[in-house]
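J.: Below you'll find the structure I mean.
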Amino acid sequence: MMTSKLFCKLLCAVSGLVLLSATALALPPMGQVFTTHYKVGAKSALKKADCGVCHIGRQPKLNPYGEDLKAALNGAKELTADALKQVESKDSDKDGFKNLDEIKADTNPGDLKSKPGKTGKARKK
């Protein structure tokens, strides 16, 4: 019969292994890749939009920019700088501004209502 002290040690060891395995298998969040690649500031509108850069609200449904990224990923599960670059010249939300220009102007490339103002850094295509 197993003593409670031995059981506790065994339980802790198994829990630790499970935790380490889960951490090792975790993929970096896609938002982190976007933030790092474009050097998004902590107080920027894009950082505040968080998942909304690619998703409609907090839902799993993708906005037009998210759909373009999904196509660029071609089935891959991890976002890469190459996939981001592939959609930079597109105008995913059809507001007249290229995705990269919107990102540089700190506006959301997947939201038609979010576009650079008259004094924004972005240029019309």
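J.: If you check every pair at least six apart or on different chains, which have Cβ atoms under 9 Å apart with a residue in segment 50-70 that is more than 11 Å from residue 111 (Cα to Cα) first and a residue that is among the polar types (S, T, N, Q) and not in a loop (DSSP other than H, G, I, E, B) second?
T.: These pairs meet every condition: 68/86; 68/99; 69/86.
J.: For segment 77-117, which residues satisfy the criterion of being in contact with a strand residue (DSSP E or B) (Cβ under 8 Å, 6 or more places away or on another chain), closer than 14 Å to residue 46 by Cβ and among the charged types (D, E, K, R)?
T.: Selection gives 115 alone.
J.: Any residue in segment 72-90 that's more than 13 Å from residue 33 (Cβ to Cβ): show its pairings with residues that are of a type outside the set (Val, Ile, Thr) and exposed (fewer than 12 other Cβ atoms within 10 Å of the Cβ) at Cβ separation under 8 Å, as long as the two are six or more apart or on different chains.
T.: Nothing qualifies.
All of the numbers you see were taken from the coordinates with simple rules; none came from a lab. Nothing here was measured: the structure is a model prediction, and the numbers come from that model. As a convention, Cβ positions derive from the backbone with ideal geometry for all residues, glycine included, and neighbour counts pool all protein chains shown.
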